[in-house]
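This report refers to the structure that appears directly beneath it.
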Amino acid sequence: MNADLDAERAILGCVVLSAGRVLDSLNLTAEDFHAPQHEELWTVLSGMVAAGKVFDQSLVLANMGDRARVLAPALIECMQQACIGPAAQWHAARLRQFTMRRCIATASAKLTMIAESSDPDTTPEELAELARGQVDQHVQRQDTDGAAFTFTDALLGTLERWSTPDTDVLATNWHDLDEMLTGGLRPGHLVIVGARPGVGKSMMATELARNVAPRAGVLFSSLEMSYTEVTSRIAASMTGVPLATLTAGRARAEEIDKLDTLLPRTADWALTIDDRASVGVAAIRGRARDLTRSQRGLGLVIVDYLQLVTPADRHAPREQQVAGVSRALKLMAKDLHVPVVALAQVNRGPAQRGDNRPRLSDLRESGAIEADADEVLLLHRDEDGEHYGELEVIVAKNRHGQAGSAFLSWQPMAGRIGNLRAGAA
């Protein structure tokens, strides 16, 4: 049996003998007690500590209400086997160990059910991610999950954050855009970058990967471009060798010398390019979850682009398919605690209106995408007007900041998007 009932009794008796003083230091929850009566006793004791009530054996019985008659024999046994001093911590560690064993057993049983009852059309990648999800859900102990806070507690825990820069925010290195996004990309956020084909979505994605990779792990899920195309864009941006030259394979000797410098400059990057053309969110999440366990970890996921992601239900109407992908990407961002930047196509609305400026409603299957996104960035370029050479990033939705526009420099021959603001790098 994956339990130690003697240790459970020793712990419960110790809590009563210490008048509840040791309870918080034990780092236990009700689920750490295998015997139902012990779990119930722990709940009673925890409630008394939280309420600041006075302890002794008779007062504990009084707080059991109608359950006192049933639980009294168990409490007497616990008092007879109560431990004291450092032994309490040893017993508590033992209980946590058995809790882990029970969780593993539960996860194992659910994995068997998944293997035997899953849809025959489920892909191996989806099955693997379902399995990982079950293991993480049942094995990774999250002491804060389900926690509830009074406003006073929440305020005390937040006061310092308001005066301290949030180090979890991932700067894009485009300063005007970072300013509008209150510092950059936030963990758990889904950021949609929308534009018509050819406006600059993929270039913005590769430039974002280049900007972030020296500082944090990046997963670039490229459903449209091959890894060689992604690599060529980044190389052109970093060296100034024209992208067309790299694409055609016509680099001259002096250009090859520039390209050779990339190896030492990028040796410590944690940029992973996944160029599988047919992939669902489960497979992307599986790859991302693996990277979170790597030495450099994971700081950002980029998906190019949302409408190409294979839906979980291939038989559902298209709008439901896209809604499912959008929601799954948002859940992935929250689950992995990283920003997810997903590119998205917009419809022909801008061209039909004549101004060529995209709006939120122009996102294809926009209802679900707009609802799930924390930020929506729409790209616009004036190819014929006075602002040629600029890329306008329209912040159409910003859950934690202002809407408006940021302007970046647009250098397509070099595959580069840079800052326009004076003095910016």
_Could you report segment 14-59's accessible area per residue, 1.4 Å probe, as an integer in Å²?_
49 Å²
*For segment 213-318, which whole percent of the accessible surface, found with a 1.4 angstrom probe, sits on carbon and sulfur atoms?*
52 percent
_Those residues of segment 204-243 whose amide nitrogen sits under 20 Å from the label point placed on ARG250, 7 Å along Cα→Cβ_ = 229, 232-237, 239-243
*Could you give the accessible area per residue of segment 240-331, probe 1.4 Å, as a whole number in Å²?*
53 Å²
*In straight Cα distance, which lysines are under 24 Å from LYS110, not counting same-chain residues fewer than 8 positions off?*
LYS334
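Between ALA35 and ARG327, what length comes free when the chain is fully extended (0.36 nm per residue of separation minus the Cα-Cα distance, one decimal in nm)?
Gain in length upon complete extension: 101.2 nm.
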_Using a 7 Å offset from the Cα along the Cα-to-Cβ direction at both ALA93 and ARG67, what is the distance between the two label points in nm, to one decimal?_
3.0 nm
*Assuming a ≥ b ≥ c are the square roots of the Cα gyration tensor eigenvalues, decide whether segment 215-282 counts as rounded (a/c under 1.5), prolate (otherwise, with a/b larger than b/c) or oblate.*
oblate
*Sketch the reach of a paramagnetic label on ILE84 as a point 7 Å from Cα along Cα-to-Cβ, and name the residues of segment 19-34 whose backbone nitrogen lies under 13 Å away.*
19
*Collect residues whose amide H, placed 1.01 Å from N in the peptide plane, falls under 5 Å from the amide H of LEU363; neighbours closer than 5 in sequence don't count.*
ASN347
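The values are calculated or read from the model by the stated rules, or taken from the named source; none is laboratory data. Computed from a predicted structure; not experimentally measured. Cβ atoms come from the backbone with ideal geometry, glycine included; neighbour counts cover every protein chain shown. Note: accessible area is taken over every heavy atom of the protein model, side chains too, but ligands, DNA and RNA are not part of it. Shrake-Rupley method; radii C 1.70, N 1.55, O 1.52, S 1.80 Å.
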